[in-house]
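Below is one structure, written out as structure tokens; the observations come after it.
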Amino acid sequence: MQKRFTRMILAMVTAAALLLTVFTGCDRRGDVMDGSDMFLDISEESPASSVDSVSVVTESAVSESVVPEASGGETGQVLYFNTTDLDDNPVSLETYAGAKLFMVNFWEPWCGPCISELPALEQLYENYKDQGLVILGVYSDPDMLEEAMQLRTDNGLTYPILHHSADFRQFPILYVPTTLFADGAGNVLTEEPYIGSRSYEDWEQIVLEQLAAVNGE
């Protein structure tokens, strides 16, 4: 009888701990990526336990990128990449000549907050692309191509969705969504990236501030 009572107490304590974990985990505005680098190269030899805890990426860069001639601005970082979009078209920074402001949104098709802000990002792109805004949605999960394409269709996305490549590893991403901004030359403008999803109104205010900065206003 004593043993049965003890097992019941242990079960109740375990259940309470699980509930606490769920509620505290869901309190974030983004989903955590386990591991110090969520973008592992599948060619690297990693312990099975490490591979299981992160999103393993099939690098889709078509060639080695050459760092563009940019100053890096105040952050010292320069955005550059060679990869492909969802339709396997090769893309690089030069593909978007004429862009004044890049908004790079790192997301995953399994991430609830990432999906919830897709309509806001599309509206933002439609409203400000004529002013030089280019939104790049970058995702890394190699097993979710169909899901990514379906989400693009369901949300009517017209801004580019890109496969993650090794070039993006200069930006350590531990949470998704994570968003950063760069000017047309690739100079990264945000010392600290924006972590978590936001409403259209919140993103619009940030974009307007960034556009004013790149336009020297």
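Aliphatic (A, V, I, L, M) and buried (at least 18 other Cβ atoms within 10 Å of the Cβ): is that true of residue 173 in this structure? Here the answer is yes, as residue 173 does meet what is asked.
With free of Cβ contacts under 8 Å to residues at least 60 places away in the same chain and among the acidic types (Asp, Glu) as the only criterion, which of 141, 88 stands out?
Values: 141 fails: free of Cβ contacts under 8 Å to residues at least 60 places away in the same chain.
Result of the check over 141, 88: 88.
Residues that are surrounded by fewer than 20 Cβ atoms within 10 Å (Cβ to Cβ), farther than 21 Å from residue 199 by Cα and more than 15 Å from the chain's Cα centre (by Cα) do not occur anywhere in segment 157-165.
One residue stands out among those in segment 121-131 that are touching a helix residue (DSSP H, G or I) at 6+ places or on another chain (Cβ under 7 Å) and surrounded by fewer than 18 Cβ atoms within 10 Å (Cβ to Cβ): the one that is farthest from residue 210 (Cα to Cα), which is 123. The residues of segment 182-208 that are under 12 Å from the mean Cα position of the chain (by Cα) and in a strand (DSSP E or B), listed by number, are 194, 195. Of the residues making up segment 144-153, not a single one is at pLDDT 95 or above, within 24 Å of residue 77 (Cβ to Cβ) and surrounded by 14 or more Cβ atoms within 10 Å (Cβ to Cβ). Within segment 184-206, residues that are within 25 Å of residue 94 (Cβ to Cβ) reach partners that are acidic (Asp, Glu) and not in a strand (DSSP E or B) with beta carbons closer than 9 Å, at six or more positions or on different chains, in the pairs 185/69; 187/74; 188/74; 189/74. Against the criterion of being on the phi < 0 side of the Ramachandran plot, surrounded by 15 or more Cβ atoms within 10 Å (Cβ to Cβ) and out of contact with any Phe, Trp or Tyr (no Cβ under 7 Å at 6 or more places or on another chain), residue 188 qualifies.
Scanning segment 86-119 for residues that are surrounded by 18 or more Cβ atoms within 10 Å (Cβ to Cβ) and closer than 14 Å to residue 157 by Cβ returns 103, 105, 107, 109, 114, 115, 117, 118.
The values are calculated or read from the model by the stated rules, or taken from the named source; none is laboratory data. None of these values were measured; they are calculated from a predicted model. Virtual Cβ from ideal backbone geometry, glycine too; neighbours counted across all protein chains shown.
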